[in-house]
1. Starting from the Cα of Asn103, step 7 Å along the direction of its Cβ; do the same at Arg52; then give the gap between the two resulting points in nm.
2. Take Val13 and Ala34, extend 7 Å from each Cα along the Cα→Cβ direction, and tell me the distance between the two endpoints in nm.
3. Say R0 is 41 Å: what FRET efficiency, to the nearest 0.05, do Met96 and Glu172 get from their beta-carbon distance?
4. Quick check on segment 1-79: what are the equivalent-ellipsoid semi-axes from the Cα gyration tensor, as sqrt(5λ), descending, whole Å?
5. Place a +1 charge on the Cβ of each Lys and Arg in segment 13-107 and a -1 charge on the Cβ of each Asp and Glu, then give the dipole magnitude about the Cα centre in debye, rounded to the nearest 20.
6. Modelling each spin label as a point 7 Å along the Cα-to-Cβ direction, I'd like the Leu157/Ile63 distance in nm, to one decimal.
7. Out of the GluC sites (Glu not before Pro) in segment 1-92, which ones are loop residues according to DSSP with at most 10 other C-beta atoms within 10 Å?
Amino acid sequence: RFFGNPVTGYYMVVRTVGRKTGRARYAPVTYAIADGSVYCLAGYGRTANWYRNAMASPDVNLILAGRTIAGHVEEVEDAVERLGVTRQIFTNAGLMGFTEGFNPFRASDDTIRARTAEMPVLRIRATDNAITGGAFDPGGRAWLWVPISAIGLAIVLARIRTGVRLSAEEREAA
């Protein structure tokens with residue numbers, strides 16, 4: 001089981017069928033959920049093996065935190081849809097979202113279009129139901145348990161540590 005957070009990003013694994021071998025292939029990618037579908041992009045362009053596998057055999061499985069979804073892949077052609085989900089994918093990527101040389105939160109639409117022109121954006125529609133975001137998906141709050149647990153553990157350890165330093169008289173008085 002895995003999960004993401006706003007700093008390190010949100011990832012899913014796309015399971016494709018190899019176009020030459022017929023064997024299962026796995027690729028981790030950042031993603032966005034919008035309008036009942038999952039979107040991702042091929043950061044290395046149309047030469048990425050997972051992208052070529054998905055185009056050759058568009059029935060894929062998505063492994064997201066807490067669930068697996070069977071879906072059908074199609075490339076996004078509509079410019080408005082493509083721009084919106086591209087920005088969201090880069091925003092959901094956390095710090096990795098800045099690796100293409102723009103700030104996904106503040107970049108102009110023209111900058112995002114220019115920097116991602118060679119990256120195909122894919123829409124994956126679930127074969128059974130519409131896809132909705134969950135607690136471990138972008139926008140979910142499940143990631144908060146990690147820092148809250150770490151803070152709680154630090155407090156407990158600090159109390160234990162200071163308790164050990166008390167003298168025998170101080171411990172008896174307490």
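1. 3.8
2. Placing both labels 7 Å beyond Cα along the Cβ direction yields 2.7 nm.
3. Numbers: r = 55 Å, r/R0 = 1.34.
After rounding, the FRET efficiency stands at 0.15.
4. Numbers: eigenvalues 79, 47, 31 Å².
Square roots of five times the eigenvalues give 20, 15, 12 Å.
5. Numbers: 11 positive and 8 negative charges, 104 e Å.
Approximately 500 debye in magnitude.
6. Label-label distance for Leu157 and Ile63, simple model: 3.0 nm.
7. Details: sites: Glu74, Glu75, Glu77, Glu81; in loops: Glu77.
Qualifying residues, ordered by number: Glu77.
Throughout, read-outs are computed from the coordinates displayed, never taken from laboratory work. Treat the numbers as computed from the prediction; the structure is a model and nothing was measured. In this analysis, Cβ positions are derived from the backbone assuming ideal geometry, glycine residues included, and neighbour counts consider all displayed protein chains.
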